[in-house]
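Read the structure below first, then the notes.
The values are calculated or read from the model by the stated rules, or taken from the named source; none is laboratory data. The structure displayed is predicted, hence computed values, not measured ones. FYI the Cβ positions are ideal-geometry reconstructions off the backbone, even for glycines, and counts take in every protein chain you see. Surface accessibility is based on the protein's heavy atoms, side chains included, excluding ligands, DNA and RNA. Shrake-Rupley method; radii C 1.70, N 1.55, O 1.52, S 1.80 Å.
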Amino acid sequence: MTSNVQNSGFRSHMDAALAEAEAAAARGEVPVGAVLVDASGVVIASAGNRMRERADPTAHAEIEVIRAGAAALGSERLVGCDLYVTLEPCPMCAAAISAARIARLYYGASDPKSGGVAQGPRVFSHPQCHHVPEVYDGIGEAQSRALLQQFFQERRGDGDA
């Protein structure tokens, strides 16, 4: 994993993921947003968390865009696609990213409590993991972290944010 993206002509879609995270927060969801982009750089799907809204513990932003992307492309394999997400994916989402054969994962804030990529179970490092995407962390990290901190401070009532 690296925090420096060295591709020439690289265009981040993290701003769109952050906008989805902000929309999730406005709905009372944990502010995580994700954007799926095809190999030519076209946005295929974008979503924020919808677990409370749908009463569905699997309605994480990553799962939502994977489902929408698979439907849009008519395939369970999202080969060549890039996923931008504001928070390090949990183990469930990391496994789905692998199953979908996503080429590159870009994420903002690390998640020491529930992460599954660089923290905890490190799903992509297991021999049972059939596909390992390229992983780039720290993209939009400060904004992603600030959004999460503000959200939880407001819920606890211990912040002026």
Among the residues of region 139-156, are any under 23 Å from Ile44 (Cα atoms), open to solvent by less than 40 Å² (accessible area, probe 1.4 Å) and not hydroxyl-bearing (Ser, Thr, Tyr)? yes
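Conditions tested, residue by residue: (1) part of a helix (DSSP H, G or I); (2) under 23 Å from Tyr136 (Cβ atoms).
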{"site": "Ile44", "(1), (2)": "no, yes"}
{"site": "Arg52", "(1), (2)": "yes, no"}
{"site": "Ile63", "(1), (2)": "yes, yes"}
{"site": "Ile66", "(1), (2)": "yes, yes"}
{"site": "Ser75", "(1), (2)": "no, no"}
{"site": "Leu83", "(1), (2)": "no, yes"}
{"site": "Pro89", "(1), (2)": "no, yes"}
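Answer yes or no as to whether Glu62 is touching a strand residue (DSSP E or B) at 6+ places or on another chain (Cβ under 6 Å), farther than 18 Å from Ala146 by Cα and among the charged types (D, E, K, R).
On the way: touching a strand residue (DSSP E or B) at 6+ places or on another chain (Cβ under 6 Å): yes; farther than 18 Å from Ala146 by Cα: yes; among the charged types (D, E, K, R): yes.
Yes; evaluated as a whole, the condition is true for this residue.
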Go through the residues of region 35-55 one by one and say whether even a single one is touching a Phe, Trp or Tyr at 6+ places or on another chain (Cβ under 7 Å) and more than 29 Å from Gln128 (Cα to Cα). no
Report yes if Asp56 is more than 10 Å from the chain's Cα centre (by Cα), outside any loop (DSSP other than H, G, I, E, B), modelled with pLDDT of 95 or more and acidic (Asp, Glu), otherwise no. no
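Quick check on Ala34: is it modelled with pLDDT of 95 or more, assigned to a helix (DSSP H, G or I) and among the aliphatic types (A, V, I, L, M)? Can you show your working first?
Values: modelled with pLDDT of 95 or more: yes; assigned to a helix (DSSP H, G or I): no; among the aliphatic types (A, V, I, L, M): yes.
No; evaluated as a whole, the condition is false for this residue.
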